[in-house]
Amino acid sequence: MQLDGASVLVTGGASGLGAATVRSLIAAGARAVIVDRDEARGAALVAELGDRAVFAKADVTDPAQIEAAIAVAVGLAPLRVAVSCAGVGWASRTIDRTGKPHDLELFKTVIGINLVGTFNVLRLAAAAMSRQDPTPTGERGVIVNTASVAAYDGQIGQIAYASSKAGVVGMTLPAARDLAPAGIRVVTIAPGIFDTPMLGALPEDKRAALAADVVFPKRLGDPAEYGAMVAAIVGNGYLNGETIRLDGSLRMPPK
């Protein structure tokens, strides 16, 4: 998939993995719609990137807001790529040390944003892509979702987060099969521990301890490496229906 003359849509695009993805795809020739709830960060990124980037405030769980963001992207150029990076994570055990059960509404919120929100973007982006002319190779678009190594190695307290990300992994192949007649590929990335704003507030000793569990290289992932992986997926037309661990061979311990 060539990105010259194409538009891309990235949720969670104002910071972290999403912002790195926006930078990577713009560098490859695309125009980008940055979808996020954080208007200040979105405006700052647009100011950095210039007229090849547009900000659209939206909640990934809101169909009307996502449809509006997609319409912005289609208005710029044919929408060829949609990347879901928006997500949340809260720690809570199934039952705590006092025997109190996990808050059900918290579980539903994590599932709603990470899994239902990802599916909402996937279904609406795919519908828009399907109405476009195919490229000379027969492709109409590429959808990249973000899972986590927690989908496979969920830690103590990650029951909601791990479930949501396992759901993203689980829908990758059926989505790819569903969308094959439309010429749309679906690939998921399962990142390990990346140096994003979520980890930025941790003390240096905690960050070093996290990095120590990585097999090689012994460091936190650079968001630019995630962005580069997205660009590689977009560029490789034979990659479809797969989840790629991007984790330095990390296997998460129980806690």
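All of the numbers you see were taken from the coordinates with simple rules; none came from a lab. Note that the coordinates shown come from a computational prediction; the quantities given were computed from them, not determined experimentally. Glycine gets a Cβ as well: all are built from the backbone with ideal geometry, and neighbour counts include every protein chain shown.
Quick notes on this one:
- Sequence of TYR226, TYR152 once ranked by neighbouring C-beta atoms within 10 Å, starting from the fewest: TYR152, TYR226
- Angle between the chain longest axis and helix 117-130 axis [Cα atoms, degrees, rounded to 10]: 10
- For THR98, THR135, the sequence from fewest to most other C-beta atoms within 10 Å is THR98, THR135.
- Most mobile of GLY50, GLY170, GLY221 in a GNM of the chain (Cα contacts under 10 Å): GLY50
- Within-12-Å neighbourhood charge of ALA82 [Cβ basis; K, R +1; D, E -1]: +4
- Neighbour-count order for ARG177, ARG123, ARG80, fewest beta carbons within 10 angstrom listed first: ARG177, ARG123, ARG80
- About its Cα centre, the chain has a charge dipole of approximately 400 debye under the convention of +1 per Lys or Arg Cβ and -1 per Asp or Glu Cβ, with nothing else charged.
- Straight-distance crosslink candidates among lysines, where the alpha carbon sits under 26 Å from LYS100 and sequence neighbours closer than 8 are dropped: LYS108, LYS165, LYS255
- Beta bridges per DSSP with both ends in the chain, % antiparallel, nearest 5: 5
- Given [x] 17.3, 52; [y] 20.6, 88; [z] 17.8, 61, the label whose value is Rg and Dmax of the Cα atoms in Å derived from this model: [z]
- Remark: relative contact order (the chain) = 21 percent; criterion is Cα-Cα distance under 8 angstrom and separation of 6 or more residues.
- Under a Gaussian network description of the chain, with springs only between Cα atoms under 10 Å, the residue in LEU104, LEU239, LEU79 that fluctuates furthest is LEU104.
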